[in-house]
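The block underneath contains the structure these notes are about, expressed in structure tokens.
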Amino acid sequence: MTSVEVFGVKDALKELSALDKDLRKEINAEAKTIAKPAVDGIKGAYPTQYLSGMSKPWVQRGRQLFPYTQTAARKGVQLKIATGKKNVSVIGIEQKDAAAAILDMAGKKGGTNPQGARFIASLTAMFGEPSRVMWPEYEKNGTDVERNMVKVVEHVMEAVNKNLVM
């Protein structure tokens, strides 16, 4: 499955914010409701524990990356609606918890030191290739989410067009 790309949504959402803040809030709430099955599926897929050493604190370059906890991993899964210039996607599901993000994607890019290579090899042996949680879980509900999200986008476009015509 690939992501759905609809051009003009970012600009339309910005325009909608300027025209009707209440409708923009309604659209955001509608998007959260539509994405809820996928978000809940992802949250429920995080195990209580991965590798044994991940329950210990691990700080790298002054930033604490571990310990991993299921509670933090579940809290870290959030729907993001962003219209900034730097954002590639407008509506997406992201993982805010560093440990959970590392566990999900470690080894995707490659190129690491021997310790990192062992860590990635252990994760891959036990839990498979990256993405280990988010993408496989999204695929279970993604078709419905994308189909319903297109309806929300059509609603946004209709609202913006209605205000531009007046």
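Laboratory data are not the source of any read-out in this text; all were calculated from the coordinates shown. This structure is a prediction, so every number in the text was calculated from the model and none was measured. Glycine gets a Cβ as well: all are built from the backbone with ideal geometry, and neighbour counts include every protein chain shown.
Quick notes on this structure:
- Using a simple spin-label model with pseudo-atoms 7 Å out from Cα toward Cβ, Arg63 and Lys108 lie 1.4 nm apart.
- Segment 9-165: relative contact order in percent, alpha carbon pairs under 8 Å with at least 6 residues between: 30
- Here segment 143-161 is scanned for amide nitrogen atoms under 20 Å from the site 7 Å beyond the Cα of Glu26 along Cα-to-Cβ, giving 148-161.
- Shape call, segment 100-166: gyration tensor on alpha carbons, a/c limit 1.5: prolate
- In whole percents, the pair-distance distribution calculated for segment 9-165 from its alpha-carbon pairs, binned every 10 Å from zero, is 10, 33, 28, 18, 9, 2, 0.
- Cα gyration tensor shape of segment 28-81, rounded if a/c is under 1.5, else prolate or oblate by comparing a/b with b/c: oblate
- Length gained on full extension, Gln70 to Thr124, computed as 0.36 nm times the residue gap minus the Cα-Cα distance: 17.6 nm.
- Cβ-Cβ FRET estimate between Gln115 and Asn148, R0 fixed at 30 Å, reported to 0.05: 0.10
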